[in-house]
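Derivation of every value follows stated rules applied to the coordinates shown; laboratory data play no part. Model, not experiment: these values are computed from the prediction. Note that each Cβ is placed from the backbone with ideal geometry, even for glycine, and that neighbours are counted across all protein chains shown.
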Amino acid sequence: MTRLLLILVFGSLLFASCRKDQVLTNSDVKLKFSTDTVFFDTVFTTVGSITERLKIYNPYDQPVVMERVWLKYGQGSNFKLNVDGIQGKEVKDIRIEANDSIFAFVEVTVDPNGGNTPLVIEDEILFSTNGSEQSVDLVAWGQDAYFWPSFSFQFPGDSVALRTDKPNVFYGYSLVDSLTTLIIPEGAQIHFHAGSGLIVGDQATLKIRGSVENPVVIQGDRLEDFFKDVAGQWDQIVFTQTSKDNVVSNAIIKNGSIGLSVGFTLDPSITERPDVKLRNTQILNMSYIGLIGIDADIDAKNSVVANCGDHTVALVLGGKYAFSHCTFANYWDDNPRSKPVLLMTNFSESSSGEVFKRDLDAYFGNSILHGALDSEFQPERENGAAFDYVFDQVIMKLDTENISNAERYIGIVKNPSDTLFEDPRSDKYALHRLSPAIDRGKMLNVLSDLKGDLRDSEPDLGAYEYIP
């Protein structure tokens, strides 16, 4: 009897196990999905989107087979599918084990329509399981744009202005050629594809003319929410050593590798200095350096350079610099940062070991120099070239730097509390109500701040005037 009972128990377990492995064939099978709509934020025409993910659940104790998964609009769909590793507009015979799940990945590309207003792209993923159909909606916002594929702006002795009725997207490097002025007017939306940038060439000029109410925004070409704070999405804007009369006013430059590189030459014998006026501009979230000056002439007012993976500002091989009411800050936390906010040198060493030296003359007035490191200033000098700098009414984060030189350090606030800004980790550098920067400045003939608010008779330090 005992043996018979064991056989019956074993047989029932074997039957249950076999039954559990059997594919469920009921026509009333209903799968579950992680969402009923896969939504894509604005995607530029011809630029592929980020990949969105849909999870498909089998809630049953037996496996199920989706005999068909397809896009409603088939081969004409703007969307692409990858279901459990199988790509196509339609895939078949996808098995999901009991109480298990798989992923479907979706991408979208928007076809240009020549219009200026965003368009909506819609489709559905259809699922057929045992003759029962289910669906998940696909919705993407698309935007047409002006595309500049590795283009040279060649209008000798003349100027060209980008249009603002729709975004401008740059592929590869574009060149502002000799004797040409490129104007980027207020309200322009500039987007660089991965690895792309802009070079302002020999005797060429770039004028970015945003306004307080309508700034020029320069960023990558991936507009999905995931990319809004991702650094390194594009390369840099380069002002060559012989570019001239450049202006960057009321611009927001973000999420690249280098924001502005002022001064570049393959011939170190060239001693001309490119000049850039920087006004009411923010350079934010660069994977490498926000602002580089290489024996350059930079005059900056009411500007913020912040949150970079390396130095925030690097002034190397000398140059002439004047920074008034500027905020240089770095609380980068994507990975450990070892480089201080500000680097200044009067020399540069070539790859072959040759050292070049140029005079450096730098002024920092009514400004803030702060970050998460113990010291955020790194001066390096070589004999044989001038190394002159003045910090005048500046908040500075310093460790060992001696600030007893009264001609070089005037009215310095050293190592203040961290109560400086509203929320620096969210790129909000307006002053906190308890900030030691309030009313610490001197009159420098900078009458309004980055937002256009008037400064009072006791101006605050940095790019923003505190308004209660």
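Here are a few things to note about the model shown:
- For Phe147, nonlocal amide neighbours, meaning residues 5 or more places apart or on other chains whose placed amide H falls under 5 Å from its own, are Val169.
- Loop-located GluC sites (Glu not before Pro) across region 58-99 with a Cβ neighbour count of 16 or fewer within 10 Å are Glu97, with loop assigned by DSSP.
- Taking amide H atoms as placed 1.01 Å from N in the peptide plane, the amide H of Leu360 lies under 5 Å from those of Gly319, Ala386, Phe387, Asp388, each 5 or more residues away in sequence or on another chain.
- Full extension of the chain between Asp453 and Asp334 gives 39.6 nm of extra length, using 0.36 nm per residue less the Cα-Cα distance.
- Calculated [θ] (222 nm, deg cm²/dmol) that DSSP helices of n ≥ 4 give over the chain, each run adding -39,500 (n - 2.57): -1500 deg cm²/dmol
- About its Cα centre, region 181-337 has a charge dipole of approximately 340 debye under the convention of +1 per Lys or Arg Cβ and -1 per Asp or Glu Cβ, with nothing else charged.
- Sequence-distant residues sharing a close amide H with Phe153 (under 5 Å, placed H): Leu175, Val176, Asp177
- Karplus-derived HN-Hα couplings along region 320-327 (A = 6.51, B = -1.76, C = 1.60, θ = phi - 60°), whole Hz, x at Gly and Pro: 10, 9, 9, 10, 10, 6, 10, 10
- Degrees separating the helix 2-21 axis from the principal Cα axis of the chain, which is the longest one: 50 degrees
- Protection proxy ranking of 54-64, 72-82 - average other beta-carbon atoms within 10 Å, highest first: 54-64, 72-82
- Unit charges on C-beta of K, R, D, E only; dipole of the chain, Debye: 740 debye
- Taking the charge dipole of the chain about its Cα centre, with +1 at Lys and Arg Cβ atoms and -1 at Asp and Glu Cβ atoms, the residue from Pro59, Gln236, Ser261 reaching farthest to the positive side is Pro59.
- Applying 0.36 nm per residue to the separation of Asp84 and Glu213 and subtracting their alpha-carbon distance, the gain on full extension is 41.6 nm.
- Charge dipole of region 42-177 about the Cα centre (unit charges at C-beta), most positive-ward option of Leu71, Val91, Pro167: Pro167
- Once the chain from Glu380 to Val120 is taken as fully extended at 0.36 nm per residue, the excess over their C-alpha distance is 88.1 nm.
- Shown for Thr35, Thr129: other C-beta atoms within 10 Å of each C-beta, ranked fewest to most, produce the order Thr35, Thr129.
- Peptides 445-453, 220-228, ordered by how many other C-beta atoms sit within 10 Å of their residues on average, highest first, read 220-228, 445-453.
- Phi angles of region 82-90 translate, via the Karplus equation with coefficients 6.51, -1.76, 1.60 and θ = phi - 60°, into HN-Hα couplings of 9, 10, 6, x, 9, 9, x, 6, 8 Hz per residue; Gly and Pro are given as x.
- Spatially, region 331-390 and region 65-89 are offset by 54 Å when compared through their Cα centroids.
- Shape summary: region 149-189 maps onto an equivalent ellipsoid whose semi-axes, from the alpha-carbon gyration tensor, are 18, 14, 6 Å in decreasing order.
- Local electrostatic count at Lys92 - Lys and Arg +1, Asp and Glu -1, tallied over other residues with Cβ under 15 Å: -2
- Using the Cβ-Cβ distance between Arg95 and Val355 with R0 set to 45 Å, the FRET efficiency from 1/(1 + (r/R0)^6) comes to roughly 0.10.
- Placing +1 on each Lys and Arg Cβ and -1 on each Asp and Glu Cβ, with no other charges, gives region 187-228 a dipole about its Cα centre of roughly 100 debye.
- For the chain, the Kirkwood radius over C-alpha pairs fed into Stokes-Einstein at 20 °C and 1.002 mPa s yields D = 84 µm² per second.
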